[in-house]
Every structure is written in C-alpha cells, then in structure tokens.
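Just below is one structure, and these are the notes that go with it.
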Amino acid sequence: MGKVWPNVVALLLVPLFLFPVYWMFSTSFKPASEILTKDPTFLFTPTFEHYGSATGVDMFWTYVRNSLTVTIGAVVLALLVSLAAAFAIVRMKFKGRKGLVLAVMMAQMAPWEVMVIVMYLIARDAEMLNSIGFLTLIYFVMVLPFTIWTLRGFIAAVPKELEEAAMIDGCSRTQAFFRVIFPLLAPGLMSTSLFGFITAWNEFAMVLVLNKDSEAYTLPLWLTQFQTAFGNDWGATMAASSLFAVPVLLLFLFLQRRAVSGLSAGAVKG
C-alpha cells in the first residue's frame, strides 16, 4: 500500500499538468468563432486556418533557420568545451580546481537576465548587434555552466580503474578517454544536450534586446507577432506555440530512447 498512494497522487497530477498543453493544441485547431466563447467547447470541427496564419508570417523560415543555427551551435560548442572541462575537473589535479568548480556553480545559479544590459553594451561597442554569431556565443556561455556541472557528475560516476586499466593495456590518456569513458557518457551527453537545447531554444530576453533587425529574429520573437488592431489572434498564437513546442517534444522522445540504450550498452562489458 505504501506504493499505491504515490501512484494515485501521480495519476491525479498528470491531467493537471497536461491540460494546459492539451488546451494549447486543441485551441490551435478550433475555429475562430469558438475560441473566446463563454462556455468552452471540447467537440468541434478542426481547422488548419490558424497554422496557415502562423506560418504565413513574413520571413517565417528565416526565423526557423536562425533558431536552429543559434541553438544547435550553442549546444555543440557547449558539449565540446564542457566535456574537456568536466574531465579536467574530475580526473586532474591542478591549482584553482575548487575555485573553478565554485565559479561554475555560481554561474549556473546567476540569472542571465541581469546581464542583458552588459551584453548589449558589448555587442554595441563590438558592432555585433543583429548578429546571429554573437547570439550563438551568448547562448553558448549561458548553456556552458549547466553542461559542465552535469557532465562532471557523469564522469565522476565512471570508475577511474577502467581508465587506468586501459592505460596499462597501452592506451594513452586520450585513447582511454575516447575508447572507455566516452561510450559510457552517452546518457549524460544526451540529457545535457536536451536541457541545453531547451534553454537556448526558449531564450527570449537576449534576442529581444540584441536583435532588432527582423532578419536576425528567432522563433521566440515570432510568437509575439500575432496582434491585430482588434486584439490578439489567439488561434494563430496557439498554433505558433504548438509548432514551437513540437521540436522540443520530438527531441525529447528521440534522446530519451537513445539515452536508455546508451546506458544499457555502457553497462555491458564487451
């Protein structure tokens, strides 16, 4: 019975958290006349009109390209740098290691919104406003502390004896890392890349301040463009929000399966 009540509570909470998501997707398919009715409707004839309005915005595909560029670029750079940094923190002894760990933790806890003005001044002085490359570097810096801190835990969980055994068998430290440790880090790489992707994909404040040119917009700014003289176009807003959420949901489903398979493969001695 001790396990029954937590499951019952979980089953009761799941609809509570899923209902806003359901309402967003269902509203995106509702006819405009049924969105703001006094009594909510759950049965209706679906329409794709709102999706046409959402994707029919000027330069929509430019926004998609910009978002994918800055998000994937930031995540890849963060994984490369954090993998080396986390390995050095866990496996190597050097002066200032504890201070580095403390700095990473403090950077992770600090809200990046307080740096918006500083980033704007740097971009202005460097003539990098409306730059996708500069925005990618900012997102990379934002994602880096989390990836270092997370991968540090995964690397620390790998027994050091495995690496030492590979080096005794003739591998260099680099070869031991890529042949022994790196395959065991698949679950960690998947989870950190997922959360890094979500962080960069959803970021709004930096791009709002730094990129005023519509050609440098990303999808979070696209979500703010569905206002008319008569108010908000809620159908198009919900359709755009649904489209914006789909890549994250698909990535989560894809990486979740890969992370579990990687964990199982890493547990088998070949």
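The values are calculated or read from the model by the stated rules, or taken from the named source; none is laboratory data. Just so it is clear, the structure is predicted and the values come from calculations on it, not from any experiment. All accessible areas refer to the heavy atoms of the entire protein, side chains included, with ligands and DNA or RNA removed. Shrake-Rupley method; radii C 1.70, N 1.55, O 1.52, S 1.80 Å.
Brief remarks follow.
- Acute angle (nearest 10 degrees) that the helix 60-91 long axis makes with the longest principal axis of the chain, alpha-carbon atoms: 20 degrees
- For region 150-246, alpha-carbon Rg relative to the globular expectation (2.2 N^0.38 Å, N residues): 1.80
- Each residue of region 126-134 was assigned a 3J(HN,Hα) from its phi angle through the Karplus expression (A = 6.51, B = -1.76, C = 1.60, θ = phi - 60°), giving 8, 6, 10, 5, 6, 10, 5, x, 5 Hz with x at Gly and Pro.
- Portion, in percent, of the accessible area of region 13-146 that falls on carbon or sulfur, probe 1.4 Å: 73 percent
- Amide H to amide H, with H built 1.01 Å from N, residue 211 comes under 5 Å of 130, counting only residues 5 or more places away or on other chains.
- Identified option (computed Cα extents along the principal axes in Å; candidates (i) 67, 55, 26; (ii) 72, 63, 30; (iii) 83, 41, 30): (ii)
- For region 137-152 versus region 95-136, the gap between their alpha-carbon centres in whole angstrom: 11 Å
- C-alpha long axis of helix 4-29 to longest principal axis of the chain, angle in °: 50 degrees
- Result for the chain in a Gaussian network model with C-alpha springs under 10 Å: among 144, 102, 129, the largest mean-square fluctuation is at 102.
- Centroid-to-centroid separation of region 32-62 and region 171-228 [C-alpha atoms, Å]: 29 Å
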